[in-house]
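Accompanying notes for the structure given below.
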Amino acid sequence: LPGTPTSTDESSVSSDYAYAFDIDGVLIRGGRPIPEAIEAMKMLNGENEYGVKVPYIFVTNGGGKTEAERCLQLSQQLEIEVSPGQFICGHTPMREMADAYKTVLVVGGEGEKCRHVAEGYGFKDVVTPGDIIKDNQDTTPFRKLTESEYADSRARNFAEVEIEAIFVFADSRDWASDTQIILDLLMSKNGRLGTRSDTFDEGPPVFFSHNDVVWSASHDLTRIGMGALRVSLESMYEAITGKQLKTTAFGKPQMGTFQFATRLLQQWRKDTHGIDAPPSTVYFVGDTPESDIRGTNEYNKTADNQWYSILVETGVFQQGTTPRFTPKATVNTVLDAVKHGMEREY
Ligand code: G3P
Ligand code: MG
C-alpha cells in the first residue's frame, strides 16, 4: 500500500490521500441521505478490500445554522461522527470579518438562527430584517411579522443606526421583503435607513456566503438558490439607480474556500490521525460543475496537481448533458466516486 500507515486498530489510516465532499446533491438531498452515501462513508471508515481508513472533510456552500449544529445533523443523516474540525460551510469564512464591521445586517435562514451564527462568529451588533420591520412595519407592505418573529425581533430607532455591511448568510425565506431592505440600505446615506443618497455610492458592501444560482434539493429538478438572489438584486439595483452594483461571494468556487479547506484538512489529518504531511491527492466529490468542479480544477493548478475533481450525477449535473467545467472523472454516485479514488491509489 502507498503511504505509511500511521495507526492501527483493525485497519490502518492512509497517509497518502484524502477526500473532500460537497453535501447537497452528493450526500444529501432535501434533508435525506442519498442511499449510497452511507455505504461510501463506511468504505472510508475501513470497510473496504484494502483495509484502510481514509481521512475526509466536508465543504458545502449551504449554511443557516452553526457548524456544530450542522455536524450533529450530518452525523445522524450519514450514521457517522462528523466533527466541526472537518467541516466548512458557505458562511464559515465570514467569521474572519467579524472585526471589520461593527453593525451588520444578516439576511437569510430560519428565525433567529443566522443572527446566532453571526454573534457566535464575534460580530458585535447584528441586525436582522425582522428588527427593521418591527421598528417600521411600512418597510415591507406585504410582509407582516408572525407573533414569534415579532417577539424575537429587536426593535430600535434605525434612523440613528449606521449599518456598515450586509451579509447574506443563508437562503432568504422572503425574497421580496429582504430585497427591499437590502436595496433601502444600498441606496441610503452611509447605511442609515430612511435616507436616500444623491449619488448611490455610499451604501454598505454586500457579501453572499456563496453564489450557486441553482442547487439540488428534494424536487427532481434543480431549485433556485442564493446566487439567483444575487443576480436579481444586482439587476434590480441597476434598474432603479442606473448604476452597477458590485457584490462579493464566498464559498465554492472561490479560491479562498479551497485554501481554507486545505488548511482544515491539514489540521484534521494531524489532530485525528497524527499525519503531519500534505496528502498527495485530495479527491473532491461534487455535483455542481460551476462551483465544485470549476473551483477544484482552478485550485489544482496552484496546488501541485493535488486536487482531483469527481463529478456525480445525483444532483445539479444530470447524465447525458455536458458539464461547463470538465472533471477528471464523472461517476454515478458518491459511492462510485470513493471507489474510483481507491482504485486509482492501489
Ligand atoms: O444552498 C446550498 C447549496 O447551494 C449548495 O450546497 O453542499 O451542494 O455545496 P452544496
Ligand atoms: Mg452540491
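Identify, by number, the condition in (1) of a type in the set (S, T, Y); (2) away from ligand 1 (no atom under 16 Å from the Cβ); (3) surrounded by 20 or more Cβ atoms within 10 Å (Cβ to Cβ) that S12 doesn't meet.
(3)
I'm trying to understand the selection: among the residues of the stretch 75-94, which are at pLDDT 95 or above, surrounded by fewer than 20 Cβ atoms within 10 Å (Cβ to Cβ) and of a type outside the set (S, T, Y)?
Within the stretch 75-94, Q76, Q77, E79, I80, E81, P84, G85 meet the criteria.
In the stretch 34-81, which residue that is among the small types (G, A, S) and farther than 18 Å from V282 by Cβ is nearest to ligand 1 (Cβ to nearest atom)?
G62
Given the criteria within 16 Å of ligand 1 (Cβ to nearest atom), modelled with pLDDT of 95 or more and buried (at least 17 other Cβ atoms within 10 Å of the Cβ), does V127 qualify? If you could, list the steps in order and put the result at the bottom.
On the way: within 16 Å of ligand 1 (Cβ to nearest atom): no; modelled with pLDDT of 95 or more: yes; buried (at least 17 other Cβ atoms within 10 Å of the Cβ): yes.
Spelling it out, it is not the case that V127 is within 16 Å of ligand 1 (Cβ to nearest atom), modelled with pLDDT of 95 or more and buried (at least 17 other Cβ atoms within 10 Å of the Cβ).
Please go through the stretch 297-322 and give me each residue that is of a type in the set (A, V, I, L, M, F, W, C) and either closer than 24 Å to A228 by Cα or within 10 Å of ligand 2 (Cβ to nearest atom) (or both), ordered by number.
Of all residues in the stretch 297-322, those of a type in the set (A, V, I, L, M, F, W, C) come to 303, 307, 310-312, 316-317.
Selection gives L311, V312, V316, F317.
Inside the stretch 279-296, can you point out the residues that are of a type in the set (A, V, I, L, M) and within 16 Å of ligand 2 (Cβ to nearest atom)? Spell out the reasoning first.
Step one: list which residues in the stretch 279-296 are of a type in the set (A, V, I, L, M), which gives 282, 285, 293.
Within the stretch 279-296, V285, I293 qualify.
Of the residues that sit in the stretch 3-36 and are away from ligand 2 (no atom under 16 Å from the Cβ) and assigned to a strand (DSSP E or B), which one is modelled with the lowest pLDDT? Step through it out loud before you land on a result.
Pass one, the stretch 3-36, residues away from ligand 2 (no atom under 16 Å from the Cβ): 3-18, 35.
From what is left, the residues that are assigned to a strand (DSSP E or B) are 8, 12-13, 17-18.
Values: T8: 46, S12: 91, V13: 90, Y17: 97, A18: 97.
Top of the filtered list is T8.
If S218 satisfies all but one of (1) touching a residue at least 60 places away in the same chain (Cβ under 8 Å); (2) surrounded by 21 or more Cβ atoms within 10 Å (Cβ to Cβ); (3) within 16 Å of ligand 1 (Cβ to nearest atom); (4) over 22 Å from F123 (Cα atoms), what's the number of the condition it fails?
That leaves (2) as the condition not met.
Could you check the stretch 167-278 for helices (runs of 4 or more DSSP H) lying wholly inside it with 1 or more residues that are within 16 Å of ligand 2 (Cβ to nearest atom) and modelled with pLDDT of 95 or more?
Values: elements: 175-186, 226-241, 255-273.
Correct list: 226-241, 255-273.
Return the pairs, sorted by first residue and then second, in which the second residue is away from ligand 1 (no atom under 16 Å from the Cβ) and hydroxyl-bearing (S, T, Y), the first residue lies in the stretch 157-174 and is closer than 23 Å to C89 by Cβ, the beta carbons are less than 6 Å apart, and the residues are 6+ apart or on different chains.
That search, which allows pairs on different chains as well, returns A165/Y101.
Answer with yes or no whether E160 is over 20 Å from D138 (Cα atoms), away from ligand 2 (no atom under 15 Å from the Cβ), surrounded by fewer than 22 Cβ atoms within 10 Å (Cβ to Cβ) and acidic (D, E). Even if it seems obvious, please write down each step before you answer.
Values: over 20 Å from D138 (Cα atoms): no; away from ligand 2 (no atom under 15 Å from the Cβ): yes; surrounded by fewer than 22 Cβ atoms within 10 Å (Cβ to Cβ): yes; acidic (D, E): yes.
For E160, the condition - over 20 Å from D138 (Cα atoms), away from ligand 2 (no atom under 15 Å from the Cβ), surrounded by fewer than 22 Cβ atoms within 10 Å (Cβ to Cβ) and acidic (D, E) - is not met.
Among what's in the stretch 221-244 and is buried (at least 20 other Cβ atoms within 10 Å of the Cβ) and away from ligand 1 (no atom under 16 Å from the Cβ), pick the residue that is farthest from S172 (Cα to Cα).
Y237
Restricting attention to the stretch 252-278, report how many residues are surrounded by fewer than 22 Cβ atoms within 10 Å (Cβ to Cβ), over 22 Å from the mean Cα position of the chain (by Cα) and of a type in the set (V, I, T).
The qualifying residues number 1.
Please count how many residues of the stretch 279-297 are part of a helix (DSSP H, G or I) and either aromatic (F, W, Y) or free of Cβ contacts under 8 Å to residues at least 60 places away in the same chain (or both). Spell out how you get there, then give the answer.
Going through the stretch 279-297, the residues part of a helix (DSSP H, G or I) turn out to be 289-297.
Next, only the ones that are either aromatic (F, W, Y) or free of Cβ contacts under 8 Å to residues at least 60 places away in the same chain (or both) stay: 289, 293-297.
Within the stretch 279-297, residues that are part of a helix (DSSP H, G or I) and either aromatic (F, W, Y) or free of Cβ contacts under 8 Å to residues at least 60 places away in the same chain (or both) number 6.
The values are calculated or read from the model by the stated rules, or taken from the named source; none is laboratory data. Bear in mind that the values here come from a model prediction, so they are computed numbers and not experimental data. Because the Cβ atoms are built from the backbone with ideal geometry, glycine has one as well, and the counts that use them run over all protein chains shown.
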